[in-house]
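Okay, so here's the structure we're looking at.
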Amino acid sequence: MRMLIMGPPGAGKGTQAKGIAERYSIPAVSTGDIFRANVSQGTPLGLEVKRIMAEGGYVGDDVTNAIVADRLGEPDAREGFLLDGYPRTLGQVEALDALLADRQQALDAVIVLRADTDELVTRLLKRAHTDGREDDTEEAIRVRQATYAAETAPLLDVYRDRGLLVEVDGLGGVDEVGERIAAGLDAR
Ligand code: ADP
């Protein structure tokens, strides 16, 4: 299985991605996690992306595409994977298309978690507070939601046109949402 999971920041992609990856025995690849690991290790890439991430913007396509191509080239991702947080721009969609064409592979499904923006901002503010993530200011959280709406939400149409979308209501308990995703994938 080769899948994507998309949806606005705070919709629970990372949590659900872990469950789906386990179920299908494929690696969950999160670009956000890869960037965060680089930031916390202080690598050159981390230094480059730290500020962009704190402000809620997107890391450049060239850097992001290279990181994904690299990760998908590892043995565990050769046959299947679940991408979480990528692609986020049209340039990234095109880069992924080219990468998969090169590997003579195709996507099987694109899972979309739907959620209301105000609900998400409330959720993320709570998380920022309890986890002590000071870079998660209300301003940065709102910028991230707006960036998603402007740059990433339109990409759903591309995958809808290809008949790949599995849309799921992202509000509810972790298990509840997980079951909706499983049912949606089974129905395909
Ligand atoms: P969230 O779900 O809150 O958006 P992520 O962990 O997916 O969090 O991403 C955190 C940050 O990492 C993003 O706000 C962005 O700055 C950067 N990032 C992650 N994935 C990408 C991507 N595909 N393209 C550009 N920037 C990305």
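Points to keep in mind about this one:
- Reachable aspartates and glutamates, given that their alpha-carbon falls under 19 Å from the alpha-carbon of residue 18 and they are not under 8 places away in the same chain: 33, 74, 76, 79, 84, 108, 167, 169, 175, 176, 179, 186
- All other residues whose Cβ lies under 14 angstrom from that of residue 164 are scored, Lys and Arg at +1 and Asp and Glu at -1, for a net of -1.
- Reciprocal of mean inverse Cα separation for the range 57-151 (Kirkwood radius, Å): 15.4 Å
- Residues considered: 122, 130, 43. Largest GNM mean-square fluctuation over the chain, using C-alpha springs under 10 Å, is found at 130.
- Unit charges on C-beta of K, R, D, E only; dipole of the range 85-129, Debye: 300 debye
- Surface composition of the chain: carbon plus sulfur atoms contribute 50% of the solvent-accessible area (1.4 Å probe, protein chains only, all chains present).
- Taking GluC sites (Glu not before Pro) as exposed when their DSSP state is a loop state and no more than 12 other Cβ atoms lie within 10 Å, the longest site-free interval of the chain runs over 1-78.
- Extension gain, residue 151 to residue 62, is 30.4 nm, computed as 0.36 nm per intervening residue step minus the present C-alpha separation.
- Stokes-Einstein D for the chain, Kirkwood Rh over Cα pairs, 4 °C, 1.567 mPa s (µm²/s): 76 µm²/s
- Fully extending the segment from residue 162 to residue 186 would add 6.8 nm, taking 0.36 nm per residue of separation and subtracting the current Cα-Cα distance.
- Computed from label points 7 Å out along Cα-Cβ, the spacing between residue 139 and residue 55 is 1.1 nm.
- Average accessible surface area per residue within the chain, 1.4 Å rolling probe, Å²: 51 Å²
- Rounded to the nearest 20 debye, the dipole size of the chain about its Cα centre is 160 debye, using +1 on the Cβ of Lys and Arg and -1 on the Cβ of Asp and Glu.
- The amide H of residue 112, built 1.01 Å from its N in the peptide plane, has 6, 166, 167, 168 as neighbours under 5 Å, considering only residues 5 or more places off or on other chains.
- Helix-only mean residue ellipticity at 222 nm for the chain, each DSSP H run of n ≥ 4 adding -39500 (n - 2.57), per residue, nearest 500: -17500 deg cm²/dmol
- Over the chain, relative contact order from alpha-carbon pairs under 8 Å, at least 6 apart, %: 33 percent
- Given R0 = 35 Å, the distance between the Cβ atoms of residue 40 and residue 117 translates into a calculated FRET efficiency of 0.80.
The values are calculated or read from the model by the stated rules, or taken from the named source; none is laboratory data. In this text the structure is predicted, and so the values were computed from the model without any measurement. Using ideal geometry, Cβ is built from the backbone for each residue, glycine included, and neighbour counts are taken over all protein chains shown. All accessible areas refer to the heavy atoms of the entire protein, side chains included, with ligands and DNA or RNA removed. Shrake-Rupley method; radii C 1.70, N 1.55, O 1.52, S 1.80 Å.
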